[in-house]
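**Q** Take a look at this one; I'll ask things after.
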Amino acid sequence: MIMELSKFIDAVPENGTLTIIARGPDSNGDVFGIMLLKELLKRGEPIFVILYEPLLVFRSNLEREGISLEEALSERFMVFDVFGSFKGIERDLPYVYQLKGYLDDGVFVTKYREFIKSLAERFAGERLWIFTYLSSGACKLFKNPKKTYQLGWGAEIEVMGSIPDVRAILVYDSTDCPEIEGFLYTFSDVVIEVLREGLGRRAYITKGPESRVFDPFAGGEDG
């Protein structure tokens, strides 16, 4: 499976985006996303995680793949805690960042843009990976999730001009936030849809350089 994971990561073009769409929580599409994140960590790639779900959920899912969040956190593995920022849950962890004070959709975009500016300065001249977990959490936090998510993504593209290559892996559950799926699909270069079929799971590459069907958790493939 390591070879397969490498192939999916290598399929993301320069300044490109891979989106994993989990067709329901029992598809384990988010787990497949964590597996790709683990591969990036093994490569030593600088990673910026945007967290729309509780930090404890993210930590637990990392641990299931043998990753300690506390050990992984560093200048090359940083977490932006959107969920904790909106819920007022303060984190006392190095390299976990939050926005302080009152937040609504507009205030979030403004403050987020300023934070991204400082991030871009740190990685000027390097390749940076963005990893979201889970983008669908936007519907739990924003009053207008589609517009706010689009503005946040636009801020990243606008501000990160000093970074020559920004690649993204976005993980999204279609049942939680259907409002943003069309936007995600449109700007993604590669889309992998993961769903449960009977007792197993299947992943379909529905956008990208090739169409494939494969078992995301066993390393086998069909078609």
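The values are calculated or read from the model by the stated rules, or taken from the named source; none is laboratory data. Keep in mind the model is a prediction, meaning the values are calculated, not measured. As a convention, Cβ positions derive from the backbone with ideal geometry for all residues, glycine included, and neighbour counts pool all protein chains shown. Accessible surface is based on the protein model in full, side chains and every heavy atom, while ligands, DNA and RNA are left aside. Shrake-Rupley method; radii C 1.70, N 1.55, O 1.52, S 1.80 Å.
**Q** In segment 173-189, which residues are farther than 17 Å from Pro145 by Cβ and open to solvent by 10 Å² or more (accessible area, probe 1.4 Å)? Before the answer, list the steps.
**A** At the first step, the residues of segment 173-189 found to be farther than 17 Å from Pro145 by Cβ are 188-189.
Hit for segment 173-189 is Asp189, nothing else.
**Q** Filter segment 36-60 down to residues that are touching a Phe, Trp or Tyr at 6+ places or on another chain (Cβ under 8 Å) and in a helix (DSSP H, G or I) and give me whichever is most open to solvent (accessible area, probe 1.4 Å).
**A** Start the filter on segment 36-60 by keeping residues that are touching a Phe, Trp or Tyr at 6+ places or on another chain (Cβ under 8 Å), which leaves 36-37, 40-41, 45-55, 58.
Retained after the next criterion (residues that are in a helix (DSSP H, G or I)): 36-37, 40-41, 55, 58.
Details: Leu36: 0, Leu37: 0, Leu40: 2, Leu41: 51, Leu55: 3, Phe58: 0 Å².
Step by step, filter segment 36-60, then rank; the result is Leu41.
**Q** I'd like to check which helices (runs of 4 or more DSSP H) are fully inside segment 124-223 and have at least 3 residues that are closer than 17 Å to Ala22 by Cβ and in contact (Cβ under 8 Å) with a residue 12 or more places away in the chain. Outline the logic, then answer.
**A** Details: elements: 138-141, 145-159, 181-187.
Per the criteria, 138-141, 181-187.
**Q** With Leu55, Leu36 as the choices, which residue is within 17 Å of the chain's Cα centre (by Cα) and closer than 30 Å to Gly106 by Cα? Walk me through it before giving the result.
**A** On the way: Leu36 fails: closer than 30 Å to Gly106 by Cα.
Going through Leu55, Leu36 in turn, the sole match is Leu55.
**Q** Still on this structure, I have one more. Can you spot a residue in segment 66-80 that is open to solvent by 30 Å² or more (accessible area, probe 1.4 Å), among the hydroxyl-bearing types (Ser, Thr, Tyr), part of a loop (DSSP other than H, G, I, E, B) and free of Cβ contacts under 8 Å to residues at least 12 places away in the same chain? Please lay out each step first, then the result.
**A** Of segment 66-80, the ones open to solvent by 30 Å² or more (accessible area, probe 1.4 Å) are 66, 68, 70-71, 74-76.
Narrowing the set further to residues that are among the hydroxyl-bearing types (Ser, Thr, Tyr) leaves 68, 74.
Subsequent filtering for residues that are part of a loop (DSSP other than H, G, I, E, B) retains 68.
Remaining after also requiring free of Cβ contacts under 8 Å to residues at least 12 places away in the same chain: 68.
The answer is yes, given that some residue of segment 66-80 is open to solvent by 30 Å² or more (accessible area, probe 1.4 Å), among the hydroxyl-bearing types (Ser, Thr, Tyr), part of a loop (DSSP other than H, G, I, E, B) and free of Cβ contacts under 8 Å to residues at least 12 places away in the same chain.
**Q** Would you mind telling me which numbered condition in (1) open to solvent by 70 Å² or more (accessible area, probe 1.4 Å); (2) modelled with pLDDT of 95 or more Leu170 fails?
**A** The single condition Leu170 does not satisfy is (1).
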